[in-house]
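Bear in mind these aren't lab numbers, they're just calculated from the coordinates by the rules spelled out. Just so it is clear, the model here is predicted, and its values are computed rather than measured. For neighbour counting, all protein chains shown are included, and Cβ atoms are generated from backbone atoms with ideal geometry for every residue, glycine included.
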Amino acid sequence: MKEQIVILTGAGISAESGLGTFRDEGGLWAKHRIKDVATPEGFMRDPELVLGFYNMRRAEAVKATPNAAHVALAALEAAHDVLIVTQNVDGLHEAAGARNVLHMHGSLARAMCVRCEARWDAPLVMRVTDTCPECGAAATRPDIVWFGEMPYGMEEIDAALREATLFASVGTSGNVYPAAGFVAEARRMGVPTVELNLEPSAGHSMFDEVHVGPASEVVPKWVNALCRS
Ligand code: OAD
């Protein structure tokens with residue numbers, strides 16, 4: 001039977017591609033304060049610091065390559081209807097060949113204008129003196145959803161969850177809403193839920209099934225089983 005699968009992914013799926021997670025030991029939030037680099041207020045206070053943080057992450061992301069977990073999820077599209085809802089701002093799902101990817105927290109590859117909200121492909125290095133190609137204001141920022149801002153695609157995600165026959169969560173700690181609430185929404189609608197993570201997440205008891213292990217191992221196994229069913 002063709003399943004309608006919504007897959008939420010987080011930093012854990014890109015960890016084995018060399019991109020740091022946020023809340024694991026030594027993760028990004030151990031080295032940087034969220035309020036300084038991931039809020040609109042932090043950007044207003046010190047745009048140079050914030051652009052520098054994302055320039056560093058963009059430089060790492062362009063060097064990274066997809067791992068077996070990204071590749072397996074992309075392959076799942078051939079057998080089932082899949083929507084990958086990612087909290088990640090890297091482009092590794094697309095690099096692995098996935099076509100149906102929604103970046104709910106934005107993307108390092110895109111820039112936006114604070115003044116007129118125009119969006120365009122970000123240069124590798126963003127500078128405070130850069131100007132908006134639409135309105136000319138020197139007010140450009142990464143097209144990343146910060147704390148206190150509304151994630152992208154919420155209506156599309158809600159609609160996909162309503163239609164889903166399976167919900168999976170891969171490599172996310174389940175700390176950040178609204179993404180952390182998708183499992184409860186899926187359950188409410190009677191959709192089977194599965195977690196694939198290095199360790200059981202904070203909300204693991206909400207899932208019908210939990211597969212523990214590195215994404216590069218557990219995701220291909222899970223995908224193979226789904227493609228056989
Ligand atoms: P976290 O750093 O909070 O969680 C990463 C999860 O991945 C943890 O549960 C780890 O156990 C797991 N993990 C680590 N290595 C793994 C591996 N090799 N295979 C499988 N799982 C592994 O990252 P997220 O949950 O993605 O938002 O964080 C959610 C949001 O919080 C991010 O999008 C970001 C952050 O603040 C914003 O910046 C707005």
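Quick look at the numbers
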{"read-out": "Rounded to 5, percent antiparallel among DSSP beta bridges of the chain", "value": "25"}
{"read-out": "Helix 215-228 axis, angle to the chain major axis (alpha carbon atoms, nearest 10°)", "value": "50"}
{"read-out": "C-alpha center-to-center spacing [the stretch 82-97, the stretch 172-188] in angstrom", "value": "18"}
{"read-out": "Lysines whose Cα lies under 26 Å from that of K221, excluding same-chain neighbours fewer than 8 positions away", "value": "K2"}
{"read-out": "Relative contact order [Cα under 8 Å, 6+ residues apart], the chain, whole percent", "value": "24"}
{"read-out": "The stretch 124-152 residues near the modelled C116 label - backbone nitrogen below 18 Å, point 7 Å along Cα→Cβ", "value": "129-143"}
{"read-out": "Under 26 Å from the Cα of K63 - lysines, other chains or at least 8 residues apart", "value": "K31"}
{"read-out": "For A168, residues with placed amide H under 5 Å, excluding near neighbours", "value": "V6, I7, L8, V194"}
{"read-out": "Whole-Å distance, taken between Cα centres, linking the stretch 132-150 and the stretch 22-52", "value": "16"}
{"read-out": "Shape of the stretch 135-178, Cα gyration tensor, a/c cut at 1.5", "value": "prolate"}
{"read-out": "Three-way shape call for the stretch 41-126 based on the alpha-carbon gyration tensor, with the a/c threshold at 1.5", "value": "prolate"}
{"read-out": "Lone cysteines, the chain (no partner Cβ under 4.7 Å)", "value": "C227"}
